[in-house]
Amino acid sequence: MNFASVDTALNVATVAVCLFCANLLLLRRRDPGVYLPLALILLFKALATGVLELSEVQGMPVWVARLGLLLAGLEVASPFLFWLYVRGLTSEGDLIRIPKLRRHILPIIAVVLCFWSALFFPADLIEADLAEDDPRIPGLLVMALLVLVGDVSFKIMIASYTYLTVRRLIAYQARLKDVFASTENKELTWIWAILVSAALYLVLNVLHSVSIFVGALGETDFEAEALVLNSLALLALFWVLGIWGLRQRPGLVREMQDERPLPETPVEPKYEKSALDDARAQRIAEKIDAAMSQDMLYRDPNLSLWDLAKHVGANSHYVSQALNTQLNKSFFDLVNGWRVKDAIQQLTTSDETILVIAYDVGFNSRSAFYKAFKRETGKTPSDLRK
């Protein structure tokens, strides 16, 4: 089996994975606004790769290759669609309209048109040499320039949406700690891995192009090997994107509850739009403390801010404000602090195993327990028992 056959097999596998996952995502009735962008990424990749691979078959008409190029242009929207997907996963409540949508759409259209200029490449020159006095040379140079501009712009677009996605993920992780006591299954670590992989892929691609431009490498040096490695990397990337995309659910799911506003009174600048005054915030803080110290609410492994708000009979926004202004803690730090405090008592007064104690106080994994214990005490549970 030569490199060309391996490359074909990898591309066919990529098409199969993308079509399979895109189909399942499009069939989802729940949260369609979240999964539609991801489904489109996979669908565009499957169609473009499939048609371009088909155009390589001997005897295929030229229009098949042009159709493949036309479909490949749609992949320019992938960075934007991926950002939309992450935006959907990390949004709290209903998705809001994207502000200044034209700023996203117009650059995508411009880059697509740059790439589509290659559709006008004369068919008779695909396998023939160009004469020096050919009158089509100026047009071909313009076409080549447009494709180059499109390629550079697309790389800038990838970098820009990677930055926007990272910002979104950082804000999401901070919000998780305001809402959940256990965040391990909601942190979107796999998306971070995809962003790192995409950034590495982009850097290697740029370095390869620069090497050819400066003459360090010829266009045919390691061409077959590079194609296979590129196809393998894309298969791995879209496999992870498809499989994990099917498994992932939006992380910030609100619980419906009655949240009637309180009468408006002056408050601290940070909460100047809040109707919660210091006296009421203090009463909520006392109820929170009682929920932890007396009711041991922290032992619920799935405890959320909404659960705590329901328990103390207050609006979740006011509970969050009371945590920050009266207790100076996030929900995550408060709950895990109580869990570690309980664990310390059990570690020093009982013979139960560390894992049993971890689950008993509310942690849902050994790693989360060790991380929180180390953060609170500077020691491991094993060190405490020595």
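The values are calculated or read from the model by the stated rules, or taken from the named source; none is laboratory data. This one's a predicted model, so the numbers in the text were calculated from it and none came from an experiment. Virtual Cβ from ideal backbone geometry, glycine too; neighbours counted across all protein chains shown. Heads up: the accessible areas ignore ligands, DNA and RNA and are worked out on the full protein's heavy atoms, side chains in. Shrake-Rupley method; radii C 1.70, N 1.55, O 1.52, S 1.80 Å.
Scanning the range 367-386 for residues that are open to solvent by 70 Å² or more (accessible area, probe 1.4 Å) and either farther than 13 Å from Glu184 by Cα or touching a residue at least 12 places away in the same chain (Cβ under 8 Å) (or both) yields a total of 7. Looking at Leu81, Leu101, Leu71, Leu95, just one residue is among the aliphatic types (A, V, I, L, M), open to solvent by less than 60 Å² (accessible area, probe 1.4 Å) and within 23 Å of Leu169 (Cβ to Cβ), and that residue is Leu81.
Hey, can you tell me all the residues within the range 51-104 that are of a type in the set (Val, Ile, Thr), under 26 Å from Ala198 (Cα atoms) and either assigned to a helix (DSSP H, G or I) or modelled with pLDDT under 85 (or both)? Passing the criteria: Val51, Val76, Val86, Thr90. A single entry from Ala4, Ala9 fulfils the requirement of being farther than 18 Å from Ala236 by Cα and either open to solvent by less than 70 Å² (accessible area, probe 1.4 Å) or in a loop (DSSP other than H, G, I, E, B) (or both): Ala4. If you take the residues of the range 314-348 that are outside any helix (DSSP H, G or I) and either of a type in the set (S, T, N, Q) or touching a Pro at 6+ places or on another chain (Cβ under 8 Å) (or both), which of them is most open to solvent (accessible area, probe 1.4 Å)? Applying the filter and picking the extreme gives Asn328.
Test Ser91 against the criterion of being hydroxyl-bearing (Ser, Thr, Tyr) and over 20 Å from Leu246 (Cα atoms), and give yes or no. So Ser91 does not fit the description; no. Taken over the range 84-99, residues that are β-branched (Val, Ile, Thr) and within 12 Å of Gly251 (Cβ to Cβ) amount to 2. The set of residues in the range 349-365 that are modelled with pLDDT under 90 and assigned to a helix (DSSP H, G or I) contains only Thr349.
Would you point out which residue out of Ser231, Ser209, Ser197, Ser182 is among the small types (Gly, Ala, Ser), touching a Pro at 6+ places or on another chain (Cβ under 9 Å) and either surrounded by fewer than 16 Cβ atoms within 10 Å (Cβ to Cβ) or at pLDDT 75 or above (or both)? Please lay out each step first, then the result.
Numbers: Ser231 fails: touching a Pro at 6+ places or on another chain (Cβ under 9 Å); Ser209 fails: touching a Pro at 6+ places or on another chain (Cβ under 9 Å); Ser197 fails: touching a Pro at 6+ places or on another chain (Cβ under 9 Å).
None of the others qualify; the one that does is Ser182.
Residue check: Val76 meets all listed conditions (1) in contact with an Asp or Glu (Cβ under 8 Å, 6 or more places away or on another chain); (2) open to solvent by less than 50 Å² (accessible area, probe 1.4 Å); (3) within 21 Å of Ala233 (Cβ to Cβ) but one, namely (1).
The residues in the range 326-343 that are farther than 15 Å from Ala181 by Cα and in contact with a Leu (Cβ under 7 Å, 6 or more places away or on another chain) can be counted, and the count is 1.
Quick one: would you say Phe20 is of a type in the set (Phe, Trp, Tyr) and at pLDDT below 95? No.
Can you name every residue in the range 300-337 that is among the aliphatic types (A, V, I, L, M) and out of contact with any Lys or Arg (no Cβ under 8 Å at 6 or more places or on another chain)?
Matches in the range 300-337: Leu303, Leu305, Leu308, Ala309, Val319, Ala322, Leu327, Leu334, Val335.
Exactly one residue out of Glu352, Glu286 is out of contact with any helix residue (DSSP H, G or I) (no Cβ under 8 Å at 6 or more places or on another chain) and free of Cβ contacts under 8 Å to residues at least 12 places away in the same chain: that is Glu286. Listed conditions (1) under 11 Å from the mean Cα position of the chain (by Cα); (2) of a type in the set (Ser, Thr, Tyr); (3) surrounded by fewer than 18 Cβ atoms within 10 Å (Cβ to Cβ) are all met by Tyr172, apart from (3).
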